[in-house]
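The values are calculated or read from the model by the stated rules, or taken from the named source; none is laboratory data. Keep in mind that this is a model prediction, so the values were computed, not measured. We place every Cβ from the backbone using ideal geometry, glycine too, and count neighbours over all the protein chains shown. SASA here: full protein model, heavy atoms, side chains in, ligands and nucleic acids out. Shrake-Rupley method; radii C 1.70, N 1.55, O 1.52, S 1.80 Å.
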Amino acid sequence: MPKEIRFEAPVQPISADDCLDLRHRVLRPNQPLSACRYPLDEAPGTLHLGYREGDGPILGIASVFHEAPPESSAGNAWRIRGMAVDPAYQGRGFGALLLKGLIDYATAQQNPDDPPGLLWCNGRTTVEPFYVAQGFSRVGDIFDLPPIGPHVVLERVLR
Ligand SMILES: CC(C)(COP(=O)(O)OP(=O)(O)OC[C@H]1O[C@@H](n2cnc3c(N)ncnc32)[C@H](O)[C@@H]1OP(=O)(O)O)[C@@H](O)C(=O)NCCC(=O)NCCS
């Protein structure tokens, strides 16, 4: 069972369905809505966070899944997907708060007796500095993820 942690408003857990609108509008506007559902959306341990002030609309989203990087058997690995902030609200720190929430959650899942775990994502090259600012490092070369474009693997050790 995943360990639950408390989040403070305006960052709060949301459902996978709650993520669809921003995933579609911000991340995959040229793809069908069905492409905005991810295979592990409902898997055990998955967490979706939203940025929402009061009863207002969800202005930012971020998800984390218990999933190892390709060709890795790391058992204690967590993958970030679907980081998106409403374009009208980008650059106000919402994304950084959501990412911090995911880091806190993945860190809480660590067993102190095990080797440090890993948090990773396929990040768009355009936003690499956003992840680097929160302790992630680029691993390997730039690769293409059609139809979205160039990506890099970004990793952060969980302690
Ligand atoms: C990437 C994204 C989630 C960041 O959320 P945000 O709320 O706009 O970012 P924040 O305001 O929290 O920025 C935090 C830091 O990252 C930096 N940053 C954010 N976006 C950046 C970008 N595109 N390029 C460079 N730096 C960026 C900010 O300058 C800020 O640095 P600072 O603390 O030194 O000022 C958001 O801009 C977004 O949805 N972008 C479009 C979708 C996207 O590319 N998602 C990522 C897919 S991998």
Between Lys100 and Ile148, what is the label-to-label distance in nm when each label sits 7 Å out along the Cα-to-Cβ direction? 2.4
Using a 10 angstrom cutoff on alpha carbons, build the Gaussian network for the chain and name the most mobile of Ile61, Ile103, Ile80. Ile103
Keeping all protein chains in place, calculate the accessible area per residue for region 11-113 (probe 1.4 angstrom), answer in Å². 48
Counting only DSSP loop positions in region 1-83, the GluC sites (Glu not before Pro) whose Cβ has at most 16 other Cβ atoms within 10 Å are Glu4, Glu8, Glu42, Glu53, Glu71
Across the alpha-carbon set of the chain, Rg over Rh with Rh taken as the Kirkwood radius works out to 0.94
Roughly what would the spin-label model give for Ser34 and Asp55, points 7 Å off Cα along C-beta, in nm? 3.6
The FRET efficiency for Asp21 and Ala108, from their Cβ-Cβ distance with R0 = 22 Å and rounded to 0.05, is 0.20
Sites matching trypsin sites (Lys or Arg not before Pro) across region 57-148 that sit in DSSP coil, with at most 15 neighbouring C-beta atoms within 10 Å: Arg92
